[in-house]
Structures are given as structure tokens and as C-alpha cells.
Amino acid sequence: MASSSSSSELVFLMCFMISAFGIAIAAKFDQEFDITWGDGRAKILNNGDLLTLSLDKISGSGFQSKNEYLFGKIDMQLKLVPGNSAGTVTAYYLSSQGPTHDEIDFEFLGNPSGDPYTLHTNVFSQGKGNREQQFHLWFDPTADFHTYSITWNPQRIIFYVDGTPIREYKNSESMGVSYPKNQPMRIYSSLWNADDWATRGGLVKTDWSQAPFSASYRNFNANACIPSSPSSCSSNSATSTRSSWLNEELDNTSQERLKWVHKNYMVYNYCTDSKRFPQGFPADCLQNN
């Protein structure tokens with residue numbers, strides 16, 4: 001447990017860091033992202049308003065943000081691989097680098113035709129993850145674009161689908177659990193083959209006769225802090241309305257929506273997996289179950 005003086009120093013550092021960072025506003029994909037792999041399988045189209053990833057038997061594809069972020073509200077609209085997408089994974093996440101990296105994950109696990117996608121979420125801090133929650137969705141994510149959002153602030157991480165919260169992960173440092181708050185993270189996305197595990201634990205393989213597989217992205221927005229930018233993320237600055245995410249929490253209506261999702265659409269929760277944790281659940285489950 002940190003001493004009171006070191007805790008105070010950390011709070012001061014956090015306040016300084018937040019007040020020294022700028023805010024990123026929505027822009028074109030070619031302005032905000034770099035295509036990082038795929039040998040032409042990733043494309044930016046429509047004057048920068050649309051980005052597509054594709055996967056075939058030779059390779060998948062991916063992109064990453066030009067900027068790093070430390071806290072913010074990230075929105076992206078995705079339209080997932082249609083038809084028989086078994087074995088494919090469309091990943092959309094925030095991550096830093098290195099063995100003690102932090103990470104906040106959306107991963108969409110493909111399905112045989114007619115079966116629901118599995119939306120896999122996870123939170124890593126200091127290189128430790130194993131905080132998986134999985135959901136099915138209440139709509140067909142391949143028929144149209146839907147908005148997938150992450151709010152990340154010093155108190156909590158909230159995952160949203162079309163504005164409905166599906167997961168809240170609270171800061172549990174008071175219980176000795178590390179929390180992602182010191183490492184700036186980039187946005188990454190990729191479409192790749194993971195048929196060794198993605199669909200029914202790897203029992204269903206990718207049907208390459210359906211390739212190429214394709215996922216589409218539009219309407220990216222990052223209302224977020226960028227290290228070293230001259231403008232401010234302080235909640236009492238002139239940009240306070242844009243940085244309301246800095247102290248965002250779920251109100252009563254949102255909490256009821258979260259309960260509805262968990263009751264009807266959650267298919268896995270690490271905090272209820274007694275076979276996985278026979279010696280007792282992780283400490284952060286006290287706040288996050």
C-alpha cells in the first residue's frame with residue numbers, strides 16, 4: 001500500500017498531467033491514422049471518411065492512431081464481417097507498448113452464419129489482463145454501422161455500444177490492484193485470422209472460400225487528452241463541456257441499462273468463473289461484479 005505522501009505526490013502528478021494535455025477533435029481517417037500492415041488490404045476511402053480492412057488466406061490488415069491518448073472518450077462506428085465469419089477477429093482497442101503495457105479491448109469474435117457475434121472485452125494494467133467479460137449483441141452488427149465507445153478516466157473505464165453501457169471497470173487501487181492511468185495509449189484496429197481459438201474455442205475454422213473478409217469503419221471521434229498538446233483537459237477550463245468524460249460516471253438510468261445488458265446478453269464474466277479462480281476471485285471483482 002502506498003504511503004500517504006506518495007499518494008499525495010501521485011495525485012499532484014495526475015492533476016499536472018491532466019492540465020498539460022490537449023484535446024483531440026474528430027478528423028479524417030487519413031489525418032488521424034496510419035495503415036500499419038496488410039500490403040494494400042487496408043484502404044482509406046471517401047475522402048478520408050471511410051476505412052476498410054480485409055482478410056484473406058495470405059494476410060489480414062490493420063491500422064493505428066497517429067496520436068497517443070491518456071484518458072478520453074473514444075467513439076468509432078464499425079460494420080463487421082458479414083456471413084460466415086467464423087475464425088476471424090476484428091480487434092479495436094487502446095494499448096501502450098512493452099511487457100508492462102496497459103490495454104482496453106473490444107474484440108469481435110466471428111461466427112458461423114446465423115450465430116451471434118461474441119463481443120470480447122478486457123482491461124490490462126501493468127501487463128496483467130485476465131479481466132474478460134463477453135457479450136452477445138441485441139442487433140446484427142454486420143447489417144449496418146454501430147457505435148462502439150470507450151470512456152477512460154482516472155476513476156473508471158466504461159464500454160458503450162450505441163450509447164448503452166455494457167461494462168464498467170472501476171479503479172481498484174485502494175485494494176492493491178493496478179489501474180491504467182500513467183501510460184499513454186494509441187488506438188489500434190485489425191482484422192485477422194484466429195481460428196485456433198476465436199470461434200467455439202477453435203472448434204470452428206475459417207472458411208477461406210468466403211474470403212476476402214471485410215470490416216468497415218467511419219465517424220471516428222476522440223475527445224481525449226494528448227500528451228504535450230498546449231490546450232487543457234482540466235475540467236474547470238473553457239473546454240469543460242467537451243471534457244465531461246473526465247469525471248463521467250453512470251447515472252441511475254445508465255446503471256439500469258447496464259443491468260439489462262448483463263442479465264440478457266452477458267455470456268462470460270471472469271468475476272463469476274469459480275473453476276478458473278478456485279482460490280477466490282480477483283480483488284477487483286469486489287467493485288466490478
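Among (1) under 23 Å from TYR268 (Cα atoms); (2) assigned to a loop (DSSP other than H, G, I, E, B); (3) over 14 Å from the mean Cα position of the chain (by Cα); (4) of a type outside the set (Phe, Trp, Tyr), there is one condition GLY201 misses while meeting the rest; what is its number?
The number of the failed condition is (2).
Answer yes or no: is there a residue in the stretch 106-128 that is of a type in the set (Asp, Glu) and either out of contact with any Phe, Trp or Tyr (no Cβ under 7 Å at 6 or more places or on another chain) or within 25 Å of GLY202 (Cβ to Cβ) (or both).
yes
Anything in the stretch 243-284 that is open to solvent by 80 Å² or more (accessible area, probe 1.4 Å), assigned to a loop (DSSP other than H, G, I, E, B), closer than 19 Å to GLN133 by Cβ and not acidic (Asp, Glu)? List them, or say none.
Scanning the stretch 243-284 gives LYS275, ARG276, PHE281.
Taking the condition of being over 12 Å from ASP284 (Cβ atoms) and assigned to a strand (DSSP E or B), how many residues in the stretch 155-167 meet it?
Selection size over the stretch 155-167: 8.
Starting from residues that are outside any strand (DSSP E or B) and of a type in the set (Asp, Glu), keep the ones in the stretch 97-145 and report whichever is surrounded by the most Cβ atoms within 10 Å (Cβ to Cβ).
ASP102
Quick one: in the stretch 239-255, of everything that is under 22 Å from the mean Cα position of the chain (by Cα) and either small (Gly, Ala, Ser) or at pLDDT 95 or above (or both), which residue is nearest to ASN221 (Cα to Cα)?
SER243
Consider only pairs whose beta carbons are under 6 Å apart and that are at least six residues apart or on different chains; among these, list those whose first residue lies in the stretch 145-162 and is within 20 Å of TRP260 (Cα to Cα) and whose second residue is part of a loop (DSSP other than H, G, I, E, B).
Close Cβ pairs (under 6 Å, with a partner that is part of a loop (DSSP other than H, G, I, E, B)) amount to HIS146/ASP162; THR147/ASP162; THR151/GLU248.
If you go through the stretch 170-186 one residue at a time, how many are of a type outside the set (Gly, Ala, Ser) and assigned to a helix (DSSP H, G or I)? Lay out the reasoning, then the answer.
Filtering the stretch 170-186 for residues of a type outside the set (Gly, Ala, Ser) gives 170-171, 173, 175, 177, 179-186.
Imposing the further condition that a residue be assigned to a helix (DSSP H, G or I) reduces the set to 173, 175.
The total comes to 2.
Which ones in the stretch 44-62 are surrounded by fewer than 22 Cβ atoms within 10 Å (Cβ to Cβ) and touching a helix residue (DSSP H, G or I) at 6+ places or on another chain (Cβ under 8 Å)?
Residues satisfying the conditions are ILE44, GLY48, ASP49, LEU50, ASP56, LYS57.
The values are calculated or read from the model by the stated rules, or taken from the named source; none is laboratory data. This one's a predicted model, so the numbers in the text were calculated from it and none came from an experiment. Cβ sites come from the backbone with ideal geometry, for glycine too, and all protein chains shown count toward neighbours. Protein only, heavy atoms only, side chains kept; ligands, DNA and RNA dropped before computing areas. Shrake-Rupley method; radii C 1.70, N 1.55, O 1.52, S 1.80 Å.
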